[in-house]
Amino acid sequence: MTHPDECKVNLSQIARMAGVGRAAVANWRRRHGGLEAVGGTDESPLFLRAAAEQWLRDLDKLPEPGPAGTLPPATVTFAGGPTITVYGPELHSPALPGSGAAHEEEFGGYIEPDRPAGIPWPTACARIEQPGHAPYEVTDAHVDISGWGGRVDYLKLIWPADRRRALPTTTETTEAQA
């Protein structure tokens, strides 16, 4: 197992930590310096994750958990477990459309390190309420929580695309019952 201080990240991953695009991180690096590559190439450098997090903190670019975050938070309710708030939430469908291959979807975001205990692992079923998306439920999602002793941890859920289903919103449920 790799020690967290040895984990390497690229510019896109650093951008996700800060809730910005890759170009913003490249510009900050040129303008402010202070983040040295430890591998990769000139076009795609790699950095120690711990160093990247500290660099973002030094520049005051690491989003704080809570209302000051860059994106409205999402709520994840685990079946048989807690409900947690996820800051800077992102939903990705990384497979190429029309490839014919089964693909996975991925939800990730920042959570507070002192989150409630009881998050199911290594797989879970969860209801996700994310701004900009109808509520949805996922089953058999792989759960990964990355924490390096900072102010936030990173939660990632990955599931086969066919394991997500839309759920009715509160308004739709109320109208159906009327």
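Take A95 and decide whether it is modelled with pLDDT of 90 or more, over 17 Å from the mean Cα position of the chain (by Cα) and aliphatic (A, V, I, L, M). Show your work before the answer.
On the way: modelled with pLDDT of 90 or more: no; over 17 Å from the mean Cα position of the chain (by Cα): yes; aliphatic (A, V, I, L, M): yes.
Answer is no for this residue.
Output the residue which, of all residues in region 103-158 that are aliphatic (A, V, I, L, M) and not in a strand (DSSP E or B), is surrounded by the fewest Cβ atoms within 10 Å (Cβ to Cβ).
A117
Go through region 6-38 and give me each residue that's open to solvent by 30 Å² or more (accessible area, probe 1.4 Å) and in a loop (DSSP other than H, G, I, E, B).
Correct list: C7, N10, G19, V20, G21, G34, E36, A37, V38.
The values are calculated or read from the model by the stated rules, or taken from the named source; none is laboratory data. All of these numbers come straight from a predicted model, not from anything done at the bench. Every residue, glycine as well, gets a Cβ built from its backbone with ideal geometry; the counts of neighbours run over all protein chains shown. Protein only, heavy atoms only, side chains kept; ligands, DNA and RNA dropped before computing areas. Shrake-Rupley method; radii C 1.70, N 1.55, O 1.52, S 1.80 Å.
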